[in-house]
Structures are given as structure tokens and as C-alpha cells.
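Q: Mind having a look at this structure? Questions to follow.
The values are calculated or read from the model by the stated rules, or taken from the named source; none is laboratory data. Here the structure is a predicted model, which is why all the values come from computation and not from measurement. Neighbour counts run over all protein chains shown; Cβ positions are idealised from the backbone, glycine included. Keep in mind that these areas ignore ligands, DNA and RNA; they rest on the heavy atoms of the full protein, side chains included. Shrake-Rupley method; radii C 1.70, N 1.55, O 1.52, S 1.80 Å.
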Amino acid sequence: MNLNELIKTLVGKERDKEGIHVRSSLRPQFFSHERCEYFDTLARLILGKGDVCIAMCCHNDQLLYSSNRGEVTNYADNCLNILKKFANNSQKKSEYLMLVDKVIGKVLEVDSSRTTGYKEIATFKNAVMDYNRKKDNQDLSVDDKFNMLVVVNSYAQVAHDKIKENKQLATELESQNKQRAAKGIENKANRAWDCLVPWHDLNTIVNAIKDDTMLSQNSKNLIRMIKEGKFRKINSRTTMHAEMKLIDHLIIGKANIGSPRHIGISKLARCPCQVTINALNKPDSYDNCFCNCGTHGGTYHGWAVPTTLKGKKFSKELRSIEKELQELTQQDEHQMFPKVRETTSKIPSDLAGMPIFGNEEELNQGQLSTQIQIPPK
């Protein structure tokens, strides 16, 4: 079978008779690449509705970013420009308020109607909606709005703590989600606690901009590029996924640096993307190492291999990709893995009923950053 036929076969095997995505061909896992963490967070933060997935990495003192779409949406560009303004004047609350306006929609679009036993999440979302209703009131000063957000953050922390401490309720909610998905009631396995993720992402990046002393050098470089506005979109009208576009661009540019190339991404890599990265990371392959935070192991239609790998120079890697995908198509259902969340966010990573396979100590590292550390004017 050629690549297209292999992808089509995997897509079919991962769905049940009703076409619902219930299995993964590749073992889902988080990898321990701490240097990717802020890149993943930033990728989730600038993800617009039409982008599906955003990937980013550093190259030639620039922050490269791409989307699963042919072109990155304006949402990502706007977020990065606001972050640049904030990074150059992090004492101002007005830029923070502009960033909050960008994530409010993401918080409110998460379906939290099934929050039985989770009144704390409902309280948090109600506080967000209350702020959203009042924020355009001309009688409210910047300080008034900021003080409202301090309250919202306190509710976010309470909700997070409640979910973490009550694993039985988490298990029940997870079971409800699976039952609804099995009946085709929802297309996405959104969980009520996902509304906390955008808030966490925003404050994580904001706090890193305000104080980068504890960050790795890789993350410090990321914050510096935000401040200096060194962004570059990698657009392509192919069906390559976001991380594949970046890898394709780096290979074309012969970006061999002899050290790991960290790729941040808003969603865990899909099965064929991870297989491709694994093939390029073999000792006798490409003179580089691409690091990402993990894979959800699933497959979707329309996947395309990086264009450069179709050349003679990478014939060995292409054969390796085809061979591994071919082996995965031979699996029986009982050899496959349960479908998991696709987000790279680990919040809350220690909930029961979430079948992520990996080092449990690493998975339980996820912490919620809700404290705003912007001092008064």
C-alpha cells in the first residue's frame, strides 16, 4: 500500500461502526521535554478557531509558527503582536486586558453544562461571563477591570483544586463524556475542566514575560523573541500538518545544528506525524533531533508527508515511515489504544479516567498558573 492507502486504512481501523474515533494506532504518551513547555503553551494561546493546530520553534533567531491550515489565521498574528506590546511594557494592565479579551471566547465556548458536582467550574465561568458583560462599560477604569479579573483568577484556582481532589467525580464525568460520544451526541470529547486551560495558558506566558529568571535558556530565548517581535509565519497550501510544515522548512534550509530542535504544538502529534519524527530522529538519519511533547496516536484523513522527504536523499526515511505505518495497519483492535485527549495541556493531568500512557511522575507535574503578578501603575 502507498502512504495514502495506509492512512485511509488506519483511519478506518481507529473508528467504530458509527464512524466515531475511539481508538489510536500508536501508543499515546507525553515525552519529557521540559524545554518545549512554554512553546506548547504559547502555541495553544495563539490558536485561532480556524487553525485546528499551531506548531512553533526557534530558528535563526526567529520564532517560526505554522498551522494545519494553508495559512495561519490573523488571530495568531494579533495575539503575538499584543504579547509583544505587553512584553515591552509589562507594568501596563491595558495590554493584559487586551490579552484577556482574546481568550475569553475560548473559555466560554467549552461546554460546561455537564458539571454535576463541579459547581466551582460553573462559578468560574459565571465570573468570566460577568466580566465579559461588564468590560465595555465606559464607567469602569482599567483598575476596576483588573480587580474583577483577580476575582476570576481566584475562582479558577478553587475550581482546579476541587477537581484535583475529587477523582471520583472526575471519573464519573469522564464516563458520561464517553457515553455521550458513543451515542454520537458530541463530536469532541470536551471536558468541563477544559475551560480552565486558556486561562492557565495566558497567565503562564504573562508570568514568564514578567519574570524569566527560573526559565531554561530555550524558554528565555522564546520570551526575548516575543519582546523583539521576531516572528515568522510558515505558510503552505499543502495538507501537511503544522509540525510537518516546520520540519519541511528546516530541512529545506539545512538547519542542522547538532542539538535538539524543540517543536511546540497546541495538540499532541498525530500518529503519522510522530512516526515521521521518529524516523528522522534515528541515529543514522537526518543530522538533527526533533523534540515534541508527545502523541495522541490517532490518525485523520488528509495527512501529507513533508515534501522534502519525497526526494532521493530521504528515501531511507520514507521507507521507514511506510514500514512502520504498514505494521500499525496489521494490529487487531485489542492491540490498539483507547482514544485520548489531543491537547498538549496537562491540566489536570492527575484525574482518574484519562488513559494517557507515560511516566506518571511527569504527568502529575502539571500545575495551574492563575495568579496575576502585574503590579499597580
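Q: Provide a single number: the residues in the range 1-57 that are open to solvent by 30 Å² or more (accessible area, probe 1.4 Å) and within 13 Å of Met336 (Cβ to Cβ).
A: 9
Q: On to the next question. Quick one: Ser266 ticks every box in (1) open to solvent by 20 Å² or more (accessible area, probe 1.4 Å); (2) within 24 Å of the chain's Cα centre (by Cα) except a single one, so which number is it?
A: Of (1) open to solvent by 20 Å² or more (accessible area, probe 1.4 Å); (2) within 24 Å of the chain's Cα centre (by Cα), only one is false for Ser266: (1).
Q: For the range 67-91, enumerate the residues that are over 22 Å from Ile263 (Cβ atoms) and of a type outside the set (A, V, I, L, M).
A: Result: Asn74, Asn78, Asn81, Lys85, Phe86, Asn88, Asn89, Ser90, Gln91.
Q: A further question follows. What pairs can you find where one residue is in the range 92-107 and in contact (Cβ under 8 Å) with a residue 60 or more places away in the chain, the other is acidic (Asp, Glu) and buried (at least 19 other Cβ atoms within 10 Å of the Cβ), and their Cβ atoms are less than 8 Å apart, with a gap of 6+ or different chains?
A: Partner pairs satisfying both residue conditions: Val103/Asp201.
Q: Anything in the range 271-310 that is over 15 Å from Leu3 (Cα atoms), of a type outside the set (Phe, Trp, Tyr) and assigned to a loop (DSSP other than H, G, I, E, B)? List them, or say none.
A: Scanning the range 271-310 gives Asn281, Lys282, Pro283, Asp284, Ser285, Asp287, Asn288, Asn292, Cys293, His296, Gly297, Gly298.
Q: So, Gln331, is that one out of contact with any strand residue (DSSP E or B) (no Cβ under 7 Å at 6 or more places or on another chain) and either modelled with pLDDT of 80 or more or among the charged types (D, E, K, R) (or both) or not?
A: yes
Q: Being within 30 Å of Gln91 (Cβ to Cβ), small (Gly, Ala, Ser), open to solvent by 10 Å² or more (accessible area, probe 1.4 Å) and at pLDDT below 90 is the filter here, so list the residues in the range 180-232 that pass it.
A: Across the range 180-232, the qualifying residue is only Ser216.
Q: In the range 66-95, what residues are of a type in the set (Ser, Thr, Tyr) and open to solvent by 10 Å² or more (accessible area, probe 1.4 Å)?
A: Thr73, Tyr75, Ser90, Ser94
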